[in-house]
Amino acid sequence: MRCSLPATPAGPLLPFVVLPAGGCAAGPRPARLGSVDVLVTGGSGRLGRRVVDLLRGGGHRVRQMSRRGTGPGGVRGDLATGFGLGTALAGAEVVVHAASDPRGDPWQVDVAGTRRLVQDADRASLRHIVYVSIVGVDRVPYGYYHAKFAAEQVLLASGLPVTLLRITQFHEFVDELLASARRGPIVPVPMGWRLRPVDVGEAAARTAQIASGEPAGGIVEYGGPREESAADLARAWAAAREPGTRVVSTPVPGKLSAAFRDGAALPSGGARGSRTYAEHLRG
Ligand SMILES: NC(=O)c1ccc[n+]([C@@H]2O[C@H](COP(=O)([O-])OP(=O)(O)OC[C@H]3O[C@@H](n4cnc5c(N)ncnc54)[C@H](OP(=O)(O)O)[C@@H]3O)[C@@H](O)[C@H]2O)c1
């Protein structure tokens, strides 16, 4: 289900929410007042550490969980085994669930781990759990996305007060993909892939804002300011980071590639960041 809000001269007045049943609602609702106890899973990660700083700056009492539990307010917890989850979750009024293991076993960490998190949640105190997901997890046929979608379903079925926050690719992630795709003087990119990458700092600010508000009970999307092709992103990246390399657009067959060409990784609505990929490259 795709939803839209009436555009105004200033753009959509409100961010939008796609509810699981297919309906639409404006959201999130205004921020709560006062300081709350927050647990950020994946608080040492790229997004999570920024969310931690922003929520602390907003006056909240923030713990952040990772397997090593390092850093200020760090607690040890392992989603893959369940170690430490009950202790980490005790008394948490808000949970931002940003831990993930795309390079390891996302079915164990993201799906079974989210189930463990749900089981160990402190239902007496919990008022909101925000799950950080990815735009297109329901439409892009890719193993990691299937796992993220399954984790969303675990949360929706949990009866907990949830917001599923689907975000597009972070600029740094695009950098990493392009750097790993480069073969000497050539950067091959899939022809026709459509993306809307976002600044991770803006995504963190949106995550913190949503965590400070009421649960949406469904999906909220967030993406960058501009739709760009993989080739355009690659040309900008090559010019800024690897001058002399040449971008070659290559037709890629298969369902995954077709999904990216069809815009399955683009948000259908929601708030937008303002920092472009070109601005990110300029630093
Ligand atoms: N990267 C993107 O472009 C992008 C775009 C949209 C949405 N997202 C989503 O945003 C979230 C954060 O992404 P990110 O790129 O910031 O991730 P990241 O930098 O890879 O950080 C992942 C975090 O998860 C923790 N973690 C991994 N395995 C764990 C386990 N078994 N138990 C507990 N913690 C574990 C890591 O800490 P330790 O290793 O210390 O345990 C780390 O803090 C993810 O859910 C991702 O799917 C990412």
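The values are calculated or read from the model by the stated rules, or taken from the named source; none is laboratory data. Bear in mind the structure is a predicted one, so any value in this text is a computation, not a measurement. Cβ: placed from backbone, ideal geometry, glycine included. Neighbour counts: every protein chain shown.
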- request: Please work out which one of (1) of a type in the set (Val, Ile, Thr); (2) more than 11 Å from the ligand (Cβ to nearest atom); (3) surrounded by 21 or more Cβ atoms within 10 Å (Cβ to Cβ) is the condition Ile186 fails and give its number.
  value: (3)
field: Any strands (runs of 3 or more DSSP E) falling wholly within region 1-86 and containing at least 2 residues that are modelled with pLDDT of 50 or more
entry: 37-41, 61-66, 74-76
field: Subset of region 189-219 that is over 28 Å from Val38 (Cβ atoms) and of a type in the set (A, V, I, L, M) - its residue that is surrounded by the fewest Cβ atoms within 10 Å (Cβ to Cβ)
entry: Met191
- prompt: So, in region 62-75, of the ones that are among the basic types (Lys, Arg) and near the ligand (Cβ under 9 Å from one of its atoms), which residue ends up surrounded by the fewest Cβ atoms within 10 Å (Cβ to Cβ)?
  reply: Arg68
query: If you check Ala88 against the conditions, is it of a type in the set (A, V, I, L, M, F, W, C), buried (at least 20 other Cβ atoms within 10 Å of the Cβ), more than 10 Å from the ligand (Cβ to nearest atom) and more than 15 Å from the chain's Cα centre (by Cα)?
result: no
Inter-residue pairs, beta-carbon under 7 Å, first free of Cβ contacts under 8 Å to residues at least 40 places away in the same chain and within 13 Å of Asp78 (Cα to Cα) and in region 96-124, second outside any loop (DSSP other than H, G, I, E, B) and within 8 Å of the ligand (Cβ to nearest atom), 6+ apart: Asp101/Val109; Asp101/Asp110
statement: If we keep only residues of region 139-167 that are away from the ligand (no atom under 11 Å from the Cβ) and without any contact (Cβ under 8 Å) to a residue 12 or more places away in the chain, then the residue surrounded by the most Cβ atoms within 10 Å (Cβ to Cβ) is His146
message: Looking at Gln169 and the list (1) within 30 Å of Arg282 (Cα to Cα); (2) over 17 Å from the mean Cα position of the chain (by Cα); (3) not hydrophobic (A, V, I, L, M, F, W, C), which single condition is not satisfied?
response: (2)
field: Every residue from region 30-61 that is within 14 Å of the ligand (Cβ to nearest atom) and touching a Leu at 6+ places or on another chain (Cβ under 8 Å)
entry: Leu39, Val40, Thr41
message: From the list Ala211, Ala216, Ala239, exactly one residue is under 22 Å from the mean Cα position of the chain (by Cα), of a type in the set (A, V, I, L, M, F, W, C) and farther than 16 Å from Val135 by Cβ. Which is it?
response: Ala211
Some residue of region 119-133 being within 15 Å of the ligand (Cβ to nearest atom), more than 27 Å from Arg235 (Cβ to Cβ) and acidic (Asp, Glu): yes
- prompt: Can you name the residue in region 168-183 that is surrounded by 15 or more Cβ atoms within 10 Å (Cβ to Cβ) and more than 11 Å from the ligand (Cβ to nearest atom) and is also nearest to Ala124 (Cα to Cα) among such residues?
  reply: Leu178
- request: Select from region 96-116 the residues that are outside any helix (DSSP H, G or I) and more than 7 Å from the ligand (Cβ to nearest atom) and write down the one among them that is nearest to Ala211 (Cα to Cα).
  value: Val96
